[in-house]
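Dumping the structure here so I can ask a few things about it.
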Protein chains: 2
Amino acid sequence: MLKNKKETKTEDKKDLKAEIKKLRCEMDLLPPKLREAGLPVMVLIEGWSASGKGTLIKNLISEIDPRFFYVSHGIPQRESDRRYPFMYPYASALPEKGKLTFYESGWMYEAVHKIVGREISEDTWDKWVRSVNQFERQLRDNGYLLLKIFIDIDKKEQYKHLSALRSDPETAWRATDTDLWQNEMYDCFAENYEKFMKQTSEYEKWHVINGHSREQANRDVLRLLIDKINTALEKGRYSGKPFDEDFPLVSMPKLSEVDLSPTISDKDYDKELKRLQNKLSIQHNIIYRKKIPVILCYEGWDAAGKGGNIRRVVYPLDPRGFEVQPIASPEPHEKARHYLWRFWTRLQRSGHVTVFDRTWYGRVMVERIEGFCTEKEWKRAYNEINEFERDLTEWGAVVLKFWIHIDPETQLERFTARQNTPEKRWKITEEDWRNRDKWAEYETAVNDMLKKTCTKNAPWYIIESNDKKYARIKTLKIITEAIDKAIKQKI
Amino acid sequence: MLKNKKETKTEDKKDLKAEIKKLRCEMDLLPPKLREAGLPVMVLIEGWSASGKGTLIKNLISEIDPRFFYVSHGIPQRESDRRYPFMYPYASALPEKGKLTFYESGWMYEAVHKIVGREISEDTWDKWVRSVNQFERQLRDNGYLLLKIFIDIDKKEQYKHLSALRSDPETAWRATDTDLWQNEMYDCFAENYEKFMKQTSEYEKWHVINGHSREQANRDVLRLLIDKINTALEKGRYSGKPFDEDFPLVSMPKLSEVDLSPTISDKDYDKELKRLQNKLSIQHNIIYRKKIPVILCYEGWDAAGKGGNIRRVVYPLDPRGFEVQPIASPEPHEKARHYLWRFWTRLQRSGHVTVFDRTWYGRVMVERIEGFCTEKEWKRAYNEINEFERDLTEWGAVVLKFWIHIDPETQLERFTARQNTPEKRWKITEEDWRNRDKWAEYETAVNDMLKKTCTKNAPWYIIESNDKKYARIKTLKIITEAIDKAIKQKI
């Protein structure tokens, strides 16, 4: 229960000031240690409007070298900003290793305001809560330190602060209608804040801070933050045990069982290609208007024909409404964050088609095989990826994943042909040959991946691509059928 | 004069198809060559609404591997998106070396629509035209290839296309009110398109393409693009001669002439700090509401006290309304673009304060001294930077640049003190000592920089920082005075 009252007895002012001064000196010393340990820290400051969250953050950051922190105030204000998955703005603001992000309100603010304002259903609330919990667990497992604060003041105190803001023409604009509405609906908000805290304490607990004395609140938060960081620095970064939720999986054949003989005649190909591209072009108009996001994921053997396949799929699309995201090895600022971060930030607004030419599945393929992450990490990734994709499909996205498949003989033929064609030689590198030598290892990894991540909501499709034309038609069919289904569901 | 009419005689369809096919094969071979040459290509497709720009781009990109291009459709639609300098969305979309960006409308669309709609004055138009010209020259000088296309159709033809779109419920939404208004005001638009083309042909000429036959237009643009790229690949990247516009400069003393003895007493410091921070805090509210952008640029010797100075300046600011941008060496995706790109993309919306902890002046200091760019490049940079800053101040920004200054003896003292204080040792690196050895070279570079870039609109201030407290007060005074002035001008 939130029950912080204005305290009758306040602490000795002088002692408090001295303590804050001491804590500030301690805080000042932490960033270089964070950097050395590569520890990323997230501080979420939630609480009542006009409870002094802004000032609190101001005080916290004043002790930190600006090179070490960000402040995120990314709560979507307008409906047009809300065209991404629920956790998108918060995941996009993840700090790099060794840095801090302060969230001035965040996922609690948004969920509670929308449920009180009846903008979302109970069902959506439940889904958001689940997204929050999985987000917080994933952060913990991937070595992030998260501190969650709620600044509590009572209804009277809030009213007093809001009135003070409104009485001065210089600050009146800072007490918004939403803030006043919150004061009116104080009890209802309190109930939902509590509910949210209760439901999101599984991986990281909430700290309710009495906000009636701003100096005391300041001291309390500083103390908490310093303690938390010191503990994390001492006991090292947390690396979670595998967590496996029961996702509804579709069973997949092993790659070796796939019959690669299907072909299509040139005549049928031309006819079908035209028909399906026309269909997709019309569908693109509809999903754009209905704001349905479509996410197409391509993985496959080198030279399997991913590029050509993608080109046929995007050809009928309006260039204003799609984006192809080619995924190479991560850049330094990407490596310094959760491995899914660079995919979160590459999502397009609802209504757009995003094609990933290679994907987050690199985690359980190349990163696994080349040892770019630990065994613990890639084993945990299957579940993390399933959760990520559930966030996408609950947002309303059509998520389709294609494994473009060929046999080693066909690959060798194509490699050789590329090698012998001057204008195609750039497409083939030493690395391709090295990867080819690891065919067996990749096959094991791909089989594991197909088995563990072919969920009902975001299924895999093995695309037989010894005949590239057959592969293109099959892909287009799957895409157009899935979009048809999504359009019908969203009438 | 725009005067493309529907042609009575159209070309032989079969020949045209064959030619397009041939051109497509040629186009297919270009991207790897672009990559090898590190040539970035920008294709701006402007033209009448419903003239087929979208389809044209669709056809162009269908021949290109998606890893090699972006499509930009970044024209700000809402007033809230227009809180950046005019060229911001276009500069932000610059391609990397070896890649192409297709702009589906851009700087011409925006300027012409706003002048016809009387949203901007003639004066703003002139400024925008100047920004466009300097942008295009800077791109050329920095090795970008830019192709500017205008797709022309007559009033009747436009009306026909718009009516066709509107008659089908599936496509009706694509003929917007703006499009219909353009058709009504056809002559006025034509006049302003022509004017814009005439005024922006200095560095890169416009190509008007007859859009009545879409196939012919397609062929014409493909041909143009291939020709342009081949020519650029043959003659190598352009590296411009120094272009020096006459900026109104403020004369600056040489560093050696600066008296570093000023100090402040602790008592005066405490009093002044409090007073000025209070003032800045109030000002921050006002600039936020009046949407005045403030850009504070910090450069200075290592250990001069930049960090502490910045902390005192941002302390009174609301964390929701400022951002500190620490600038380190560029990351690979930044190095692959115009050196100002990573500053363009770091600008905050109007009403926000952006503090750059080190800046674009790295070009004429460290890059000059360490040979990270050629002499030609850093010599050209003074003018390019002055132009960039003029774009900022014409957008309405307060731009202040601080050189935080100490003498070599003070630096040595501080270096030694850091070395001897365990918790501050991380602040001092081998590189700091190496830079110290190059003091004389840096002094020359700084003197040149102060002399050539202290413009009236974006002045430099030398901040005597042997006494750090004196330096902080002086900086705060300059900032609050400049903001006062800006607020008064924007009543």
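Can you compute the modelled spin-label distance between B:Ile369 and B:Lys241, with each label point 7 Å from Cα toward Cβ, in nm?
Distance between the two pseudo-spin positions: 3.2 nm.
What average count of beta carbons from other chains do you get within 10 Å of the Cβ of residues in B:420-428?
Mean inter-chain Cβ contacts per residue within 10 Å come to 2.
Run through every distinct alpha carbon pair of the stretch A:13-235 and return the Kirkwood hydrodynamic radius in angstroms, one decimal place.
18.3
Among the listed pairs A:Lys279/A:Lys477; A:Lys114/A:Lys205; A:Lys291/B:Lys291; B:Lys254/B:Lys438; A:Lys198/A:Lys241, which have their C-alpha atoms separated by more than 20 angstrom in this model?
A:Lys114/A:Lys205; A:Lys291/B:Lys291; A:Lys198/A:Lys241, as the Cα separations exceed 20 Å there.
Separate question: For the stretch A:407-456, build the charge dipole from Cβ charges (+1 Lys, Arg; -1 Asp, Glu) around the Cα centre, then report which of A:Asn447, A:Asn420, A:Thr410 sits farthest towards its positive end.
The residue sitting most towards the positive pole is A:Asn447.
Compare the peptides B:210-216, A:358-364, A:199-205 by average per-residue count of other Cβ atoms within 10 angstrom and give them in order, highest first.
With the highest mean Cβ count within 10 Å placed first, the list reads A:358-364, B:210-216, A:199-205.
222 nm [θ] for chain B, helices only, -39500 (n - 2.57) per DSSP H run of 4+, per residue, to 500?
Helix contribution divided over all residues of chain B: -16000 deg cm²/dmol.
Between A:Phe135, A:His161, A:His113, whose Cα lies farthest towards the positive end of the dipole of the stretch A:82-169 when Lys and Arg beta carbons carry +1 and Asp and Glu beta carbons carry -1, centred on the Cα centre?
Of A:Phe135, A:His161, A:His113, it is A:Phe135.
Can you tell me which of B:122-130, B:457-465 comes out highest on packing, and rank the rest after it, using the mean Cβ neighbours within 10 Å?
B:457-465, B:122-130
Let me ask you something else. Run through the other copies and list how far each one's label point is from that of B:Asp448, in nm with one decimal, shortest first; the point sits 7 Å from Cα along Cα-Cβ.
5.6
Separation between the A:Ile286 and A:Thr345 pseudo-spin-labels, each 7 Å from Cα along Cα→Cβ, expressed in nm?
Result: 3.6 nm between the two label points.
For chain A, take the longest principal axis of its alpha carbons; what is the angle in degrees between that and the long axis of helix A:122-141, to the nearest 10 within 0 to 90?
Computed tilt is about 90 degrees.
Suppose every Lys and Arg Cβ carries +1 and every Asp and Glu Cβ carries -1, with no other charges. What dipole size does chain B come out with about its Cα centre, to the nearest 20 debye?
760
If you don't mind, there's one more thing I want to ask. Residue of B with Cβ nearest the axis relating B to A, plus distance in whole Å?
B:Glu331, 3
Among the GluC sites (Glu not before Pro) within the stretch A:344-403, which fall in a DSSP loop and have no more than 14 other Cβ atoms within 10 Å of their own Cβ?
Of the GluC sites (Glu not before Pro), the ones in loops of the stretch A:344-403 whose Cβ has at most 14 other Cβ atoms within 10 Å are A:Glu370.
Which order, highest average first, do A:317-324, A:251-258 follow once you tally other Cβ atoms within 10 Å for each residue and take the mean per peptide?
Top of the packing list down: A:317-324, A:251-258.
Going by alpha carbons, how many degrees (0 to 90, nearest 10) lie between the helix axis of B:155-167 and the longest principal axis of chain B?
Its long axis makes an angle of about 90 degrees.
Placing +1 at every Lys and Arg Cβ and -1 at every Asp and Glu Cβ, with all other atoms neutral, what dipole size does the stretch A:13-235 have around its Cα centre, in debye to the nearest 20?
Computed about the Cα centre, the dipole is about 600 debye.
Further question on the same structure: Net charge within 14 Å of B:Phe196 by Cβ-Cβ distance, Lys/Arg positive one each and Asp/Glu negative one each, not counting B:Phe196 itself?
So the surrounding residues net to -3.
Compute the relative contact order of chain B as a whole-number percentage, counting only Cα pairs closer than 8 Å that sit 6 or more residues apart in sequence.
Value for chain B: 19 percent.
Sticking with this structure for a sec: Using 1/(1 + (r/R0)^6) with R0 = 35 angstrom and r between the beta carbons of B:Arg223 and A:Arg436, what's the FRET efficiency to the nearest 0.05?
After rounding, the FRET efficiency stands at 0.35.
Hey, another quick one. Please report the net charge: other residues with Cβ closer than 13 Å to the Cβ of A:Trp128, K and R +1, D and E -1.
In short, -2.
Bear in mind these aren't lab numbers, they're just calculated from the coordinates by the rules spelled out. On a predicted model such as this, the values are computed, not experimentally measured, just so you know. Cβ coordinates were reconstructed from backbone atoms using ideal geometry, including for glycine residues, and neighbour counts include every protein chain displayed.
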